[in-house]
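Enquirer: Before I ask anything, here is the structure I am working with.
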Amino acid sequence: MSLSWRERVVVGLAPDQLSALALGGFWRPRLIDRHARLLAEQDAAHWDKGIAALEALLAEPAWRGRDITVVLSGHYVRHAVIPGGRGLADAARRSLADVVFREVFGDLARDWELRVSPTTGGMPTLACGVPRPLLAALQAACEGRGRLRSIQPSLMPVFNRARQQIAKSVGCLALVEPGRITVAALENGRWKYVDSRAGGGNLLPQLLLEEGELHARQPGGILWLCDLTGAARLPGGTFWSHKRIDPPRLAGFDGISSLAIWGVA
């Protein structure tokens, strides 16, 4: 008996946890099953235990044979803002992204697969880089067990949850994961910079201050905060107003720390 084409699996891959949701429905997803596996003592730069856990999960009859979306932790992704330019062809924009990543990240970027977000009106856009060995491992884990349809950096579904508000405002988007903080500065929908650092949520005020000084940005505006740890410390003073970014609603599931829930929308 074949599975409904509307059924899918959303996976969150982080150094400390593999999370997964089996979903039915299309416009209004419904929860069929859930799974979470802690990955004890896995180094933040590695993914072997997570891939092995994913292979084991997708080998189970109840989980195999569906379309698969993977949301990647910020530990595994690097971002850079690509300058805007009217009339720039896609190939030229990809070449520009390659140059920007080499300048920012050095020789490490040689082993990354780069993707550039679409843009309109010559505005700056965001590009991300993911290690090619990780992408190959994900493909191999899904091969014969399901169809890998999408791989998303965690920052993008979080941004999409607040896109309409961000498009009209000035401030920073902060994604706090266990052991890593990603901060993106935006002005009226325009990407200004994106930075990611290792550290706990208590370092968020310091990171906002340091990155603002580095990029010659005055402190303040709206801080859109997505805190997957529950331990992020908000900056004090009157420079910032705060707005929480909540995950998509899914009946029967309230695991805000799960990366998988962000791939539901």
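Enquirer: Look at residue 189 and say whether it is buried (at least 20 other Cβ atoms within 10 Å of the Cβ), more than 19 Å from residue 74 (Cα to Cα) and either touching a residue at least 12 places away in the same chain (Cβ under 8 Å) or out of contact with any Cys (no Cβ under 9 Å at 6 or more places or on another chain) (or both). Outline the logic, then answer.
Expert: Details: buried (at least 20 other Cβ atoms within 10 Å of the Cβ): no; more than 19 Å from residue 74 (Cα to Cα): yes; either touching a residue at least 12 places away in the same chain (Cβ under 8 Å) or out of contact with any Cys (no Cβ under 9 Å at 6 or more places or on another chain) (or both): yes.
When the stated conditions are applied, residue 189 does not pass them.
Enquirer: Being assigned to a strand (DSSP E or B) and touching a His at 6+ places or on another chain (Cβ under 9 Å) is the filter; apply it to the range 149-190 and report the residue that is nearest to residue 118 (Cα to Cα). Quick ask: steps written out before the conclusion?
Expert: Just the residues of the range 149-190 that are assigned to a strand (DSSP E or B), to begin with: 149-153, 170-177, 180-187, 190.
From what's left, touching a His at 6+ places or on another chain (Cβ under 9 Å): 153, 177, 180, 182, 184-185.
Values: 153: 15, 177: 26, 180: 26, 182: 21, 184: 17, 185: 18 Å.
Looking at the filtered set, the residue picked out is 153.
Enquirer: A follow-up question, please. Taking the criterion of being under 18 Å from residue 82 (Cα atoms), at pLDDT 95 or above and under 18 Å from the mean Cα position of the chain (by Cα), would at least one residue in the range 173-182 satisfy it?
Expert: Checked against the condition, which is being under 18 Å from residue 82 (Cα atoms), at pLDDT 95 or above and under 18 Å from the mean Cα position of the chain (by Cα), the range 173-182 yields at least one hit.
Enquirer: Let me confirm something: among 245, 256, which residue is modelled with pLDDT under 90, in contact with an Asp or Glu (Cβ under 9 Å, 6 or more places away or on another chain) and not basic (Lys, Arg)?
Expert: On the way: 245 fails: modelled with pLDDT under 90.
From the options 245, 256, the qualifying one is 256.
Enquirer: Look at the range 215-242 and say how many of its residues are loosely packed, with under 14 Cβ neighbours inside 10 Å and within 24 Å of the chain's Cα centre (by Cα).
Expert: 5
Enquirer: Among 96, 38, which is the only one that is outside the structural domain of residue 141 (by TED's automatic domain parsing) and of a type outside the set (Lys, Arg)? Even if it seems obvious, please write down each step before you answer.
Expert: On the way: 38 fails: outside the structural domain of residue 141 (by TED's automatic domain parsing).
The conditions single out 96.
Enquirer: Here's a follow-up. Please report, ordered by residue number, the strands (runs of 3 or more DSSP E) entirely within the range 1-112 with at least 1 residues that are modelled with pLDDT of 90 or more and surrounded by fewer than 22 Cβ atoms within 10 Å (Cβ to Cβ). Reasoning before the result, please.
Expert: Values: elements: 8-13, 17-24, 30-38, 66-72, 78-82.
Strands (runs of 3 or more DSSP E) meeting the threshold: 17-24, 30-38, 66-72, 78-82.
Enquirer: Does the range 251-263 hold any residues that are surrounded by fewer than 20 Cβ atoms within 10 Å (Cβ to Cβ) and either touching a strand residue (DSSP E or B) at 6+ places or on another chain (Cβ under 6 Å) or over 24 Å from residue 179 (Cβ atoms) (or both), and which are they? Walk me through it before giving the result.
Expert: Our first condition is that a residue be surrounded by fewer than 20 Cβ atoms within 10 Å (Cβ to Cβ); within the range 251-263, this holds for 251-257.
Correct list: 251, 252, 253.
Enquirer: Do we have any residue at all in the range 213-228 that's small (Gly, Ala, Ser) and within 23 Å of residue 16 (Cα to Cα)? Explain how you work it out, then say what you get.
Expert: Going residue by residue through the range 213-228, those that are small (Gly, Ala, Ser) are 216, 220-221.
Still in the running and within 23 Å of residue 16 (Cα to Cα): none.
No; the residues of the range 213-228 include none that is small (Gly, Ala, Ser) and within 23 Å of residue 16 (Cα to Cα).
The values are calculated or read from the model by the stated rules, or taken from the named source; none is laboratory data. Quick caveat: nothing in here was measured; it's all calculated off a predicted structure. With ideal geometry, Cβ positions are generated from the backbone for all residues, glycine too; neighbour counts draw on all protein chains shown.
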